[in-house]
Amino acid sequence: MTTPQTTLTRPVDDATLRKAFSVRERPARPSALSASLALAWRALLKIKHVPFQLFDVTMFPIMMTVMFTFLFGGAIAGSVGEYVQFLIPGILVMTVSMISMYTALGINTDISKGIFDRFRSLPFWRPAVLVGALLGDSVRYTLASFVVITLGLILGFRPGGGIMGVALALVILLLFAFSLSWIWTLIGLLMKTPESVMMVSSMASFPLTFASNVFVDPTTMPSWLQAVVSVNPITLAASAVRGLMHGTVTSGDIAGVLIACAVLVGVFAPLTMYVYRNKNAH
Amino acid sequence: MPPTGYAIEVNDLRKSFGKVEVLKGINLRVERGGLLALLGPNGAGKTTTVRILATLLQPDSGTAKVLGHDVVREADSVRRRVSLTGQFASVDDELTGMENLIMVARLLGYSWSDAKTRATELINAFDLAEASNRLVKNYSGGMRRRLDIAASIIITPDVLFLDEPTSGLDPRSRRQVWDIVRTLLAAGTTVLLTTQYLEEADQLANRIVIIDHGTVIADGTIGELKTSVGSGTVHVRLYDPKDRPAAEQIMAQTLGVAVHLESDPAALSAQVSNPERVASTLSNLSQAGISVTDFSLGQPSLDEVFLALTGQPAEDQPAATEEYA
């Protein structure tokens, strides 16, 4: 590459530049949907450019499924084959919940990089930044679910609810992950560094996933723990997903997960938006 | 149209972060279509002022109006007419340059095809065509900065805030940014630029406000500021630094003013009110057998203005507070 020695002048000719500076007309403000879609597009482009970030949504579920199936299968359910029937829907919920933590990381990184200031200075529907990120993440959830179910089928998982049941379970799962993500977006906004985001999110997610019915039936637990487990949103999600996949779902299961989603969104979405609007403003 | 002719009006703006008072009553006026350089060392309060004007931060007290709109009460009206290019380029590292511009255009309300057309136009105008499909994280500092400015002017703003637009850039990239700013001014945009570089203010601004520790310490045209310091400055550089004490004496006698010893051990300077004596200074020095490698009479630099105003050179000031807040 050769650099001219003396001509340290303009980047391009004046006329092109001046023409580029003559757009004063402002299009109509984008709708909430198109702003969200533009930001979801951004999330998908990132996956396209750095496919390695899909490593966690493929390897993590494989690791979890294989490990827990063979580790606990014999002890808990008597046989691996039987335990898989119980575990796979639970592992799905757990995996997707864990992956949803990365939403927090992404938002925190955006804030520290300055792109956040750009977004805040543009006059579009404010929640679109978060909604767009969550929409983009649903691709990751879907992929992770696909990996878990495929692996489950190989290990002997036979969902009694058939394809329809599995499909409905996935819809519920996506809805749940979307609702749960609002907790992480709040953490992502509140924490100062990506490291602290990871720490706080892990602290929150471990009790959430283990104190649930993902791995074991809670009937053997002490009653105080059963009380905790029964209102844990992960439990409610796992029951519904399990029921749908095996065709044994009750309306109570569905109502439970829908209420959990409504509460999560109802509490954490307004909190997140409040923090988002006031971030650095005072 | 606002009632006044000013694009930006700031009155007694104050802001504290915790116990640190960052702005202690800033007053500013920027004429429509003008470029004001807000000059000051790290921690002087430049970024805080700009962030308040761009509605990203709220002041504790005082008022700020941009194009006649109050930045707190009418933040949305302000946001529609201004653009900010921050100290840290607000572009997405993990997207290509083209994708960055398309995304921002979409968020401004452009349709997909219009967004693409406008992005392409800007990519070409800013000399980024070759790199348009590369990820921004592989861009050089100058390219990032140009992309950042391009993203800020997708809709040409009436007021553009440029927060240290050339910090960390090489001289060539710096000149490219200056050219972009000049063209933007010619197109009628008002610019408020913050900088630590005195040369940059000298190159671009028609008005300069110097702030230090949260207060305005000088406000005027470049000419006014320079005149306030003295009509001119003699710069002398000696062949041998050992001659400096002798040279200092000769200069002081001949010019009749105090001589300033530069940090360069072979250099001296003096502000003169009577330029006629300058020539005799040179001959007196050579009569005394002192070899001179450099001898010049010029307008005082902004560095000297800063020194005269604060008693400290611009670069040596300690950073008072974290600027990014």
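Among the residues of the stretch A:121-154, how many are in contact (Cβ under 8 Å) with a residue 12 or more places away in the chain and over 30 Å from residue A:87 (Cα atoms)? Here the count works out to 10. Listed conditions (1) in contact (Cβ under 8 Å) with a residue 40 or more places away in the chain; (2) more than 14 Å from chain B (Cβ to nearest Cβ) are all met by residue A:276, apart from (2). Taking interchain pairs and intrachain pairs at least six residues apart, which have beta carbon atoms under 6 angstrom, with the first residue in the stretch A:17-45 and at negative phi and the second of a type in the set (Ser, Thr, Tyr)? So the pair list comes out as A:17/B:183; A:18/B:183; A:21/B:156; A:23/B:156; A:24/B:156; A:27/B:110. The test for being touching a helix residue (DSSP H, G or I) at 6+ places or on another chain (Cβ under 8 Å), at pLDDT below 90, among the small types (Gly, Ala, Ser) and at negative phi holds for residue B:173. Checking B:189, B:156, B:221 one by one, the residue that is among the β-branched types (Val, Ile, Thr), at pLDDT below 90 and under 24 Å from residue A:119 (Cβ atoms) is B:156 and no other.
Within the stretch B:104-133, the residues that satisfy the criterion of being of a type in the set (Gly, Ala, Ser) and closer than 26 Å to residue A:128 by Cβ are B:105, B:109, B:111, B:113, B:115, B:119, B:132.
Residue check: is residue B:136 crowded, with 20+ Cβ neighbours inside 10 Å and either more than 9 Å from chain A (Cβ to nearest Cβ) or in contact (Cβ under 8 Å) with a residue 12 or more places away in the chain (or both)? Considered against the rule, which asks whether it is crowded, with 20+ Cβ neighbours inside 10 Å and either more than 9 Å from chain A (Cβ to nearest Cβ) or in contact (Cβ under 8 Å) with a residue 12 or more places away in the chain (or both), residue B:136 comes out as yes.
Would you mind stating whether residue A:30 is modelled with pLDDT of 80 or more and in a loop (DSSP other than H, G, I, E, B)? Answer is yes for this residue. Of all residues in the stretch B:139-174 being among the charged types (D, E, K, R) and more than 9 Å from every other protein chain (Cβ to nearest Cβ), which is surrounded by the fewest Cβ atoms within 10 Å (Cβ to Cβ)? Going through the qualifying residues, I end up with B:170. Mind listing just one residue for me: the one in the stretch B:175-219 that is closer than 19 Å to residue B:86 by Cα and hydroxyl-bearing (Ser, Thr, Tyr) and, of those, surrounded by the most Cβ atoms within 10 Å (Cβ to Cβ)? Ranking the qualifying residues of the stretch B:175-219, first place goes to B:194.
Rundown of residues vs (1) out of contact with any Phe, Trp or Tyr (no Cβ under 9 Å at 6 or more places or on another chain); (2) of a type in the set (A, V, I, L, M); (3) under 22 Å from residue A:30 (Cβ atoms), yes/no style:
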{"site": "A:107", "(1), (2), (3)": "no, yes, yes"}
{"site": "A:113", "(1), (2), (3)": "no, no, no"}
{"site": "A:116", "(1), (2), (3)": "yes, no, yes"}
{"site": "A:123", "(1), (2), (3)": "yes, no, yes"}
{"site": "A:127", "(1), (2), (3)": "no, no, yes"}
{"site": "A:137", "(1), (2), (3)": "no, no, yes"}
{"site": "A:146", "(1), (2), (3)": "yes, no, no"}
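Would it be correct to say that residue B:115 is surrounded by 15 or more Cβ atoms within 10 Å (Cβ to Cβ), facing another protein chain (nearest Cβ under 10 Å) and more than 20 Å from residue A:119 (Cβ to Cβ)? Answer is no for this residue. Against the test of being more than 16 Å from the chain's Cα centre (by Cα), modelled with pLDDT under 90 and within 21 Å of residue A:149 (Cα to Cα), the options A:160, A:165, A:243 yield a single qualifying residue, A:160. Mind listing whichever residues of the stretch A:69-116 are away from chain B (no Cβ under 14 Å) and free of Cβ contacts under 8 Å to residues at least 24 places away in the same chain? Across the stretch A:69-116, the qualifying residues are A:70, A:71, A:73, A:74, A:75, A:77, A:78, A:79, A:82, A:83. Take residue A:42 and decide whether it is modelled with pLDDT of 85 or more, in a loop (DSSP other than H, G, I, E, B) and out of contact with any strand residue (DSSP E or B) (no Cβ under 9 Å at 6 or more places or on another chain). For residue A:42, the condition - modelled with pLDDT of 85 or more, in a loop (DSSP other than H, G, I, E, B) and out of contact with any strand residue (DSSP E or B) (no Cβ under 9 Å at 6 or more places or on another chain) - is not met. From the residues in the stretch A:40-54 that are more than 15 Å from the chain's Cα centre (by Cα) and not basic (Lys, Arg), which one is nearest to residue A:135 (Cα to Cα)? Out of the qualifying residues, it is A:41. Please go through the stretch A:219-247 and give me each residue that is touching a helix residue (DSSP H, G or I) at 6+ places or on another chain (Cβ under 8 Å), of a type outside the set (A, V, I, L, M) and surrounded by fewer than 17 Cβ atoms within 10 Å (Cβ to Cβ), ordered by number. Within the stretch A:219-247, A:219, A:226, A:230, A:247 qualify. Would you kindly identify the helices (runs of 4 or more DSSP H) lying entirely within the stretch B:99-210 that contain at least 2 residues that are over 15 Å from the mean Cα position of the chain (by Cα)? Ranges flagged: B:112-125, B:141-152, B:171-186. Only residues that are within 21 Å of residue B:180 (Cβ to Cβ) and in contact (Cβ under 8 Å) with a residue 12 or more places away in the chain were counted across the stretch B:116-133, and they come to 11. The residue that is surrounded by the most Cβ atoms within 10 Å (Cβ to Cβ), counting only those in the stretch B:265-289 that are of a type in the set (S, T, N, Q) and under 14 Å from residue B:233 (Cα atoms), is B:281.
The values are calculated or read from the model by the stated rules, or taken from the named source; none is laboratory data. What you see is a predicted model; the values in this text were computed from it and never measured. Glycine also receives a Cβ, built like all others from the backbone with ideal geometry; neighbour counts cover every protein chain displayed.
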